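Inspection log for the structure reproduced underneath, given as structure tokens.
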Amino acid sequence: MQTIISPADAPKTQRIEQEWYGKAIEPPYVYCFTLSADGLEFCAARKAPALIHPDGQCGAFQEELWRYDAAEFFISTPDGGRYMEVNLSPNGAWWAAVFCAPRQIAPGYEGWIPVGVQATGSSNSEGWSC
């Protein structure tokens, strides 16, 4: 089995060159997952200007980031019964939720906000990274 998680001292960058429907993305997105003693780190970047949620603040939880530019990933239970979606804005705002089916919040996770998340980001006319 291949993993996309690399050690913190040797990060491996991945590229996303096509969108969901197969259309080419230019310039591509790049991302990296690393695992260290501090936890899982997710980084993403793109050499293009970003459309950022107007209420999003660096390091703060913000709903509806998906309506704007955001890097996202999903983590599923082995049986596929639940999954967590995580969004990260180019300015460092973040959001996460646990679902039991597509777009259905899992029972007990209504209004849940994870603790311990640290997020940063930077964005300008030439690109962004978070």
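Selection of region 1-12 for residues being loosely packed, with under 11 Cβ neighbours inside 10 Å and touching a Phe, Trp or Tyr at 6+ places or on another chain (Cβ under 7 Å) yields only Ile4. Does Gln14 satisfy being without any contact (Cβ under 8 Å) to a residue 12 or more places away in the chain and not small (Gly, Ala, Ser)? So Gln14 does not fit the description; no. For region 4-14, a residue qualifies if it is part of a strand (DSSP E or B) and either within 13 Å of Ala71 (Cβ to Cβ) or hydroxyl-bearing (Ser, Thr, Tyr) (or both), and the qualifying residues are Ser6, Gln14.
Matching residues to (1) of a type outside the set (A, V, I, L, M, F, W, C); (2) touching a Cys at 6+ places or on another chain (Cβ under 6 Å); (3) under 19 Å from Ile16 (Cβ atoms):
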| position | (1), (2), (3) |
| --- | --- |
| Ile75 | no, no, yes |
| Pro78 | yes, no, no |
| Arg82 | yes, yes, no |
| Val86 | no, no, yes |
| Asn91 | yes, yes, no |
| Ala97 | no, no, no |
| Gln104 | yes, no, no |
| Pro114 | yes, no, no |
| Ala119 | no, no, no |
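Tyr68 fulfils the conditions (1) of a type in the set (Ser, Thr, Tyr); (2) under 19 Å from Ala93 (Cα atoms); (3) in contact (Cβ under 8 Å) with a residue 24 or more places away in the chain except for a single criterion, (3). Starting from region 78-93, keep only residues that are among the acidic types (Asp, Glu), then list their pairs with residues that are open to solvent by 50 Å² or more (accessible area, probe 1.4 Å) whose Cβ atoms are within a distance under 8 Å, requiring at least 6 positions of separation or different chains. Every condition considered, the pairs that remain are Glu85/Glu72; Glu85/Phe74.
Listed here are the strands (runs of 3 or more DSSP E) enclosed by region 24-130 that have at least 1 residues being touching a helix residue (DSSP H, G or I) at 6+ places or on another chain (Cβ under 9 Å) and farther than 27 Å from Asp9 by Cβ: 83-88, 94-101. Scanning region 43-72 for residues that are exposed (fewer than 14 other Cβ atoms within 10 Å of the Cβ), within 17 Å of Arg103 (Cα to Cα) and not acidic (Asp, Glu) turns up Trp66, Arg67. If we scan region 18-39, do we find a residue that is under 16 Å from Gly127 (Cα atoms) and either open to solvent by less than 30 Å² (accessible area, probe 1.4 Å) or modelled with pLDDT under 90 (or both)? Scanning region 18-39, I find at least one residue that is under 16 Å from Gly127 (Cα atoms) and either open to solvent by less than 30 Å² (accessible area, probe 1.4 Å) or modelled with pLDDT under 90 (or both), so the answer is yes.
The values are calculated or read from the model by the stated rules, or taken from the named source; none is laboratory data. Predicted, not measured: the structure shown is a model, and the values here were computed from it. Reconstructed Cβ throughout: ideal geometry from the backbone, glycine too, with neighbour counts over all protein chains shown. Please note that ligands, DNA and RNA were not included when accessible areas were found on the heavy atoms of the full protein model with its side chains. Shrake-Rupley method; radii C 1.70, N 1.55, O 1.52, S 1.80 Å.
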